[in-house]
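Step one of this worksheet: look at the structure below.
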Amino acid sequence: MVQKVDKIWLDGKMIPWDEANVHVLTHTLHYGMGVFEGIRCYEGEGGRGAIFRLEEHIDRLYDSAHILLMKIPFPKNEILEACKEIFRVNKLKAGYLRPLVFMGDGEMGLHATSNKIRVAVIAWPWGTYLGDEGVKNGIRAKVSSFTRHHVNVTMTKSKAVANYVNSILAKREAMLAGYEETVMLDTEGYVSEASGENIFLVKKGRVLTPPTTSALQGITRDTVIELLQESGIRVKETHISRDELYIADEIFLTGTAAEITPVRELDDRSIGDGKPGPITRKVQQEFHDLVRGKNKKHPEWLAVL
Ligand code: PMP
């Protein structure tokens with residue numbers, strides 16, 4: 001269960017959590033036309049809360065909406081401010097942040113264009129997504145029987161609500177089979193991403209990641225590429241086959257919710273020696289320090305509350 005807090009920002013107003021309800025004719029509920037973001041806020045040194053890469057997330061939210069021909073009826077700076085304010089009013093210094101843009105009720109049918117575009121900004125406390133144990137020792141994953149989106153079926157640069165049916169099908173399949181996460185292949189059969197994370201592999205000191213053709217252009221992915229490059233490790237974006245993953249020395253997943261999670265086993269094959277490897281550990285540590293403001297390299301990535 002989501003841990004309830006006091007207030008939710010809905011269409012420009014702070015309202016009590018229990019009053020943030022919608023009508024059953026809400027268009028997005030029926031057809032999935034909506035976009036959202038997942039963002040984290042961390043408590044750093046001195047008890048200071050800061051949202052990680054807030055501007056990049058909000059830029060992606062507006063881009064996602066633009067791709068779906070949805071005009072967000074608020075200027076960006078108002079949404080940026082609401083994202084900070086929701087933590088302040090709820091007296092949270094850390095947690096998960098969920099801006100959601102959706103089509104309200106009014107017209108029904110696929111042709112509807114007059115429905116109000118509505119915006120919610122929600123924050124709640126949220127621990128590790130794939131479990132503390134997974135972050136520490138790695139998770140077991142399974143390649144999905146569900147293919148990741150084709151670039152011309154759904155728009156993969158948009159973090160669209162409807163895109164997540166594909167992710168949920170894959171995630172549930174893996175979990176029902178006893179795994180924690182799934183790795184999805186694209187329509188050509190190359191590795192795309194996990195259900196809610198991007199993927200990296202390490203082989204003989206080289207770091208590879210698939211291009212973001214079918215995968216979401218992850219902000220954690222971008223952060224990791226930057227951190228690795230700053231420490232002299234080049235990351236190559238390239239097509240990766242399923243069996244290249246099997247023989248990798250290390251695999252890790254990146255995402256706002258999952259942060260940096262090692263994969264210790266894929267399709268019942270152990271990855272490397274079955275323990276998180278040195279590059280994964282290094283990236284995890286740097287990311288951990290960066291988001292909490294201990295590593296001062298990128299102050300521009302922290303939006304202090
Ligand atoms: N891929 C998918 C499908 C996702 O849902 C997410 C989470 N937003 C990611 C990758 C990682 O993106 P980010 O690092 O921006 O959270």
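Mind listing just one residue for me: the one in the range 21-59 that is acidic (Asp, Glu) and more than 14 Å from the ligand (Cβ to nearest atom) and, of those, farthest from residue 71 (Cα to Cα)?
This residue is 45.
Select from the range 182-205 the residues that are in contact with a helix residue (DSSP H, G or I) (Cβ under 6 Å, 6 or more places away or on another chain) and closer than 10 Å to residue 142 by Cβ and list them in ascending order. Matches in the range 182-205: 182 only. Only residues that are among the β-branched types (Val, Ile, Thr) and more than 20 Å from residue 250 (Cβ to Cβ) were counted in the range 121-165, giving 9. The set of residues in the range 101-150 being closer than 22 Å to residue 70 by Cβ and either in contact with a Lys or Arg (Cβ under 6 Å, 6 or more places away or on another chain) or among the aliphatic types (A, V, I, L, M) (or both) consists of 101, 102, 103, 104, 108, 110, 112, 117, 119, 120, 121, 122. Yes or no: residue 261 within 16 Å of the ligand (Cβ to nearest atom), closer than 20 Å to residue 211 by Cβ and under 21 Å from the mean Cα position of the chain (by Cα)? Spelling it out, it is not the case that residue 261 is within 16 Å of the ligand (Cβ to nearest atom), closer than 20 Å to residue 211 by Cβ and under 21 Å from the mean Cα position of the chain (by Cα).
Here is a yes/no grid of residues against (1) assigned to a strand (DSSP E or B); (2) of a type in the set (Gly, Ala, Ser); (3) touching a Gly at 6+ places or on another chain (Cβ under 8 Å):
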site	(1), (2), (3)
50	yes, yes, yes
63	no, no, no
71	no, no, no
78	no, no, yes
99	yes, no, no
102	yes, no, yes
149	no, no, no
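Take residue 118 and decide whether it is buried (at least 17 other Cβ atoms within 10 Å of the Cβ), among the charged types (D, E, K, R) and farther than 30 Å from residue 251 by Cβ. Yes. Among the residues of the range 156-191, those identified as assigned to a strand (DSSP E or B) and farther than 14 Å from residue 145 by Cβ are 160, 181, 191. A count restricted to the range 121-136 and to residues that are farther than 30 Å from residue 85 by Cα and surrounded by fewer than 14 Cβ atoms within 10 Å (Cβ to Cβ) stands at 2. Residues in the range 275-295 that are within 14 Å of residue 48 (Cα to Cα) and either loosely packed, with under 14 Cβ neighbours inside 10 Å or hydroxyl-bearing (Ser, Thr, Tyr) (or both): 294 alone.
For the range 229-247, taking the residues that are more than 15 Å from the ligand (Cβ to nearest atom) and closer than 18 Å to residue 284 by Cα, the one that is modelled with the lowest pLDDT is identified as 234. Tell me which residues, restricted to the range 186-197, are of a type outside the set (Gly, Ala, Ser) and buried (at least 22 other Cβ atoms within 10 Å of the Cβ). 191, 193, 197 - these are the residues of the range 186-197 that are of a type outside the set (Gly, Ala, Ser) and buried (at least 22 other Cβ atoms within 10 Å of the Cβ).
Considering only residues in the range 193-224 that are more than 9 Å from the ligand (Cβ to nearest atom) and among the small types (Gly, Ala, Ser), the one that is farthest from the chain's Cα centre (by Cα) turns out to be 205.
All told, residue 221 falls short of being over 22 Å from residue 270 (Cβ atoms), at pLDDT below 95 and touching a strand residue (DSSP E or B) at 6+ places or on another chain (Cβ under 9 Å).
Being at pLDDT 95 or above, at positive phi and not polar (S, T, N, Q): is that true of residue 131 here?
Against the criterion (at pLDDT 95 or above, at positive phi and not polar (S, T, N, Q)), residue 131 does not qualify.
The values are calculated or read from the model by the stated rules, or taken from the named source; none is laboratory data. Keep in mind that what you see is a predicted model, and the values were worked out from it rather than measured. We place every Cβ from the backbone using ideal geometry, glycine too, and count neighbours over all the protein chains shown.
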